[in-house]
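Trainee: I have a structure here, written as structure tokens, and I will follow up with some questions on it.
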Amino acid sequence: MSCELKAKDRTGVINPIFTCQPAGAQYVSIGIKDCIGIVHGGQGCVMFVRLLISQHLKESFEIASSSVHEDGAVFGALDRVEQAVDVLLMRYPHVKVIPIITTCSTEVIGDDVDGVVRKLNNGLLQEKYAGREVHLIPIHTPSFVGSMISGYDVAVRDIVKYFARKSEPNGKINLITGWVNPGDVTALKHLLDEMSIDATVLFEIEAFDSPLMPSGNTVSHGNTTIADLTGTANASATIALNRYEGAKAARYLEEKFDVPALIGPTPIGIRNTDTFLHNLKTLTGKPIPESLVRERGIALDALTDLVHMFLADKKVAIYGNPDLVVGLAEFCLDLEMKPVLLLLGDDNATYADDPRIQALQQQVEYKMEIVTNADLWEMEKRITEGELELDLILGHSKGRFTAIDNQIPMVRVGFPTYDRAGHYRHPVVGYAGAIWLAEQMANTLFTDMEYKKNKEWILNVW
């Protein structure tokens with residue numbers, strides 16, 4: 001038996017795992033304070049992405065559109081960018097950062113977004129908004145290549161590249177979280193606080209778990225400031241938690257400003273959280289405190305209660321963002337489960353060079369498939385044709401019909417999750433995330449046993 005990495009053998013896509021590059025750039029933009037991105041394309045390029053994000057986070061936030069129509073698609077639509085910037089600045093006096101995010105249509109027609117940014121900087125901003133701090137940042141994310149994952153990576157790099165300026169060392173660690181939930185940011189900040197590490201957490205959306213206050217409802221905004229972004233060049237190191245969601249920016253800071261870059265691991269599970277903390281200790285010289293050793297022990301105890309009796313040997317299919325999928329697979333293996341199918345939803349040519357995937361190929365002793373450029377039909381087909389028997393599915397809400405139709409229990413994890421309440425509030429990273437994930441998997445299996453009357457005797461008290 002072996003772990004096989006292969007591409008989907010069909011050209012078409014049936015029920016995609018990911019959406020397109022501009023979605024990733026939009027998710028980055030909502031993590032910046034005093035920022036509203038303009039998506040240069042059809043209005044649907046914003047409307048449907050906003051719908052996904054708002055369904056997932058259950059919050060109100062702001063992204064704008066240049067609203068390109070048929071005439072713009074034929075004759076060019078740079079005038080729409082100029083109008084959009086002007087209207088946005090008039091309507092929102094607090095806005096300072098405006099990423100201009102391209103789409104498939106505006107890339108195909110060849111709109112010179114970089115040129116219109118120069119024109120606006122030399123014209124409108126000086127004539128009408130003189131003295132106001134405004135940063136226009138072109139982000140090229142054509143939808144016909146890559147995915148929302150590469151779009152996120154490109155946007156993080158381009159925004160960091162725009163702002164980073166070398167000055168005096170600030171002694172901080174840059175932490176690029178990648179595509180995470182508010183609960184993950186809270187968990188990561190907790191680990192940093194326990195180690196007394198001063199870090200700049202970039203493009204973070206902790207505040208999207210927004211309160212309802214007596215003063216009225218609020219619009220959610222990210223907490224990363226212009227000063228945070230400018231200071232990235234002066235940090236003592238950068239940690240990008242995800243290989244495919246932020247590593248480009250980390251490598252840029254290393255190459256341009258000699259800020260050491262550390263890529264991963266995504267701190268999902270005990271093993272990877274241990275590595276994350278040891279990396280922090282190595283970079284900063286700060287010891288790992290007894291409080292975190294205790295948290296680790298509580299997590300180990302929680303997992304021990306579940307692994308042998310309930311989770312061991314359970315066959316799992318996992319799909320979603322690649323760093324999440326690989327991290328979940330590693331965690332499942334540590335729990336003695338058997339991830340048998342990993343679906344990665346784009347055609348990134350570097351997957352074969354990923355040391356985590358190479359480790360799976362070398363170490364897994366049963367049949368495992370890792371399918372790139374995959375869609376959810378790859379899982380559906382294997383189930384319905386009898387090639388694959390599963391005990392559990394891990395993935396976002398788009399795969400729920402496969403689980404429902406085939407009566408396979410499923411744990412919602414990843415983006416977008418919109419058919420379960422409050423998942424964005426719970427971390428999947430850190431020791432707290434390890435407990436939450438393991439207990440979610442166990443409770444989902446317990447419920448399935450009860451409904452199917454299958455081995456429910458395991459849950460008896462003797």
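The values are calculated or read from the model by the stated rules, or taken from the named source; none is laboratory data. Predicted model only: the values in this text are computed from it and were never measured. Cβ atoms come from the backbone with ideal geometry, glycine included; neighbour counts cover every protein chain shown.
Trainee: Take the residues of segment 159-197 that are in contact with a helix residue (DSSP H, G or I) (Cβ under 9 Å, 6 or more places away or on another chain) and without any contact (Cβ under 8 Å) to a residue 24 or more places away in the chain: which is surrounded by the most Cβ atoms within 10 Å (Cβ to Cβ)?
Mentor: Val185
Trainee: Right, next: Report yes if some residue within segment 127-138 is within 24 Å of Thr230 (Cα to Cα), over 30 Å from the mean Cα position of the chain (by Cα), among the hydroxyl-bearing types (Ser, Thr, Tyr) and not in a helix (DSSP H, G or I); otherwise report no.
Mentor: The answer is yes; a qualifying residue exists.
Trainee: If a residue counts only when it is polar (S, T, N, Q), out of contact with any His (no Cβ under 9 Å at 6 or more places or on another chain) and closer than 29 Å to Pro416 by Cα, which helices (runs of 4 or more DSSP H) contained entirely in segment 44-96 have at least 2 such residues?
Mentor: Fully inside segment 44-96 and qualifying: 44-57.
Trainee: Is it fair to say Gly269 is under 23 Å from the mean Cα position of the chain (by Cα), in the same structural domain as Ile197 (by TED's automatic domain parsing) and either within 12 Å of Leu191 (Cα to Cα) or surrounded by 16 or more Cβ atoms within 10 Å (Cβ to Cβ) (or both)?
Mentor: yes
Trainee: Can you tell me which residues in segment 60-114 are farther than 24 Å from Ile32 by Cα and either touching a strand residue (DSSP E or B) at 6+ places or on another chain (Cβ under 6 Å) or charged (D, E, K, R) (or both)?
Mentor: Listed by number, the residues that qualify are Glu70, Asp71, Asp79, Thr106, Glu107, Asp111, Asp112.
Trainee: Would you be able to tell me the number of residues in segment 326-351 that are in a loop (DSSP other than H, G, I, E, B) and among the small types (Gly, Ala, Ser)?
Mentor: 2
Trainee: Out of the residues in segment 1-24 meeting the condition of being more than 22 Å from Ile100 (Cβ to Cβ) and of a type in the set (Ser, Thr, Tyr), tell me which one is surrounded by the most Cβ atoms within 10 Å (Cβ to Cβ). Outline the logic, then answer.
Mentor: So in segment 1-24, the residues more than 22 Å from Ile100 (Cβ to Cβ) come out as 1-18.
This time we only want the ones that are of a type in the set (Ser, Thr, Tyr), so: 2, 11.
Details: Ser2: 12, Thr11: 6.
Filtering segment 1-24 for residues that are more than 22 Å from Ile100 (Cβ to Cβ) and of a type in the set (Ser, Thr, Tyr), the one surrounded by the most Cβ atoms within 10 Å (Cβ to Cβ) comes out as Ser2.
Trainee: Oh, and also: Considering segment 53-69 alone, what residues qualify as being under 20 Å from the mean Cα position of the chain (by Cα) and farther than 14 Å from Ile205 by Cβ? Break it down stepwise before answering.
Mentor: First, pick out the residues of segment 53-69 that are under 20 Å from the mean Cα position of the chain (by Cα): 53-63.
Residue satisfying the conditions is Gln55 alone.
Trainee: May I pose another question? Tell me which residues, restricted to segment 298-314, are at negative phi and either out of contact with any helix residue (DSSP H, G or I) (no Cβ under 9 Å at 6 or more places or on another chain) or hydroxyl-bearing (Ser, Thr, Tyr) (or both). I'd like the intermediate steps shown before the answer.
Mentor: Within segment 298-314, the subset at negative phi is 298-312, 314.
Correct list: Asp301, Thr304, His308, Ala312.
Trainee: In segment 274-286, how many residues are without any contact (Cβ under 8 Å) to a residue 60 or more places away in the chain and either of a type in the set (S, T, N, Q) or surrounded by 11 or more Cβ atoms within 10 Å (Cβ to Cβ) (or both)?
Mentor: 5
Trainee: If Glu389 satisfies all but one of (1) more than 27 Å from Asp448 (Cβ to Cβ); (2) part of a loop (DSSP other than H, G, I, E, B), what's the number of the condition it fails?
Mentor: Of everything listed in (1) more than 27 Å from Asp448 (Cβ to Cβ); (2) part of a loop (DSSP other than H, G, I, E, B), Glu389 misses just condition (1).
Trainee: Looking for whichever is in a loop (DSSP other than H, G, I, E, B), more than 26 Å from Asp209 (Cα to Cα) and among the aliphatic types (A, V, I, L, M) here; the options are Val259, Val293. Which one fits?
Mentor: Val259
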